[in-house]
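Worksheet: one structure, shown below.
A short reminder: the numbers here are calculations on the coordinates, not readings from a lab. Small disclaimer: the values here were computed from a predicted structure and weren't measured. Ideal geometry is used to build each Cβ from the backbone, glycine not excepted, and the neighbour counts take in all protein chains shown.
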Amino acid sequence: MNEFEKVSLGIYPTPIHKLPNLSRELGTNVWIKRDDLCGVALGGNKVRKLEFLLADAKKQGYDLVMTTGAAQSNHAMLTAACCLRMGLDCILVLKNHGITARKGNQILNYLMGVEVRFVDTDSYDDIYEEMDRIAAEMGRKVYKIPCGGSNALGSLGYVDCMREVSEYDQHFEHIVCACGSGGTAAGTVLGAKLYMPDTHVMCSMVDNDPFDVIVPELMKEAADLLGTDVELPVPDLLDMCGPGYSIPSEEGNEAISMMMKLEGIVLDTCYTGKAFAGLIKRAREGYYKPEDNVLFVHSGGAGGLFAQDWEKL
């Protein structure tokens, strides 16, 4: 890991602490990894990925970065924030899906003055072609970051996070994280295998992409980058998508409310609410023992919470 260049963007290590009220409620020891407190904008998992990705952009001499996602993309907003800190130009080329009004993360994009372009398409191939067209129009080269920063290099951010967790003075039998584009899940599973081989990782899927293919592929590519021949585990993927990606679910909303009422911590409707709902589901099914220590990775995303019209939910 130390051989890979990265820029310092977040404040690490992020805190880990026990959630006593939720632990009593769920009958097991629930802990939280506060990657929402990493110090950039509203925080989140993407910053760890961007430390590697933007270092690569700088190394290759790029000064224009583009990335993509849905209208309320946490990744896109955080990419813009990190690029501006580094003196890089950034254009967000987003799918015209979700809440495009100046709410939630779009408020933050507006305050940063970042250029946002919406494209009417379901295809990321169309998005990347549009990025090339924009760059050609500007007469510049563009460093394209995929949705969620989820490629092999970006996944190293969560391999590194698991190294950080392994150095904490508490062993965790289980780790739970969200799986929205695959990179965080791949890095978490691979990192746990490398640094905490006795720890089980469960990934709550918040989208209906074929993650049974995507996550193992990213794990293998990241392992190849690291030059390790460790035997890769089959990811434990739990479907918590509900009615669809970025569409609030009943289970996710219950988890958001429970976390807020019992611990005063904010989750979001797209990622962390559904991810924590997966932990609740497993706990209620008796999957965790009373003496187990279960670590929930809080991957941020609070901005999207404030884009929702809660009177209609």
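A few comments on the model shown:
- Helix 152-166 and the longest principal axis of the C-alpha atoms of the chain enclose an angle of approximately 30°.
- Computed from Cα atoms, the angle from the helix 211-226 axis to the main principal axis of the chain rounds to 80 degrees.
- Farthest toward positive dipole pole in the range 115-245 [+1 Lys/Arg, -1 Asp/Glu at C-beta], among L225, C203, C179: L225
- Each label point was placed 7 Å from the Cα along the Cα-to-Cβ direction; for Q170 and E291 their separation is 1.8 nm.
- Under-5 Å amide H pairs with H97, H placed in peptide plane, nonlocal only: A71
- Ascending count of other beta-carbon atoms within 10 Å, so fewest first, for K33, K6: K6, K33
- Taken over the range 143-278, lysine pairs spaced eight or more positions apart, or on distinct chains, with alpha carbons under 27 Å apart number 5.
- When the C-alpha to C-alpha distance is required to be over 25 Å, the pairs from K33/K95; K33/K281; K49/K289; K33/K289 that qualify are K33/K95; K49/K289.
- If you plug the beta carbon distance of N2 and L84 into 1/(1 + (r/R0)^6) with R0 = 22 Å, you get a FRET efficiency near 0.20.
- Per the chain, cysteines lacking a partner by the 4.7 Å Cβ criterion: C38, C82, C147, C161, C177, C241, C270
- Computed from Cα positions, the angle between helix 74-86 and the longest principal axis of the chain comes to roughly 60 degrees.
- Relative to the Cα centre, the charge distribution of the chain, modelled as +1 at Lys and Arg Cβ and -1 at Asp and Glu Cβ, gives a dipole magnitude of about 860 debye.
- Lys, Arg +1 and Asp, Glu -1 on Cβ, resulting dipole of the range 99-185 about Cα centre, debye, nearest 20: 360
- Farthest toward the positive end of the dipole of the range 46-149, out of L94, L50, C147, is the Cα of L50, where the dipole comes from beta carbon charges about the Cα centre.
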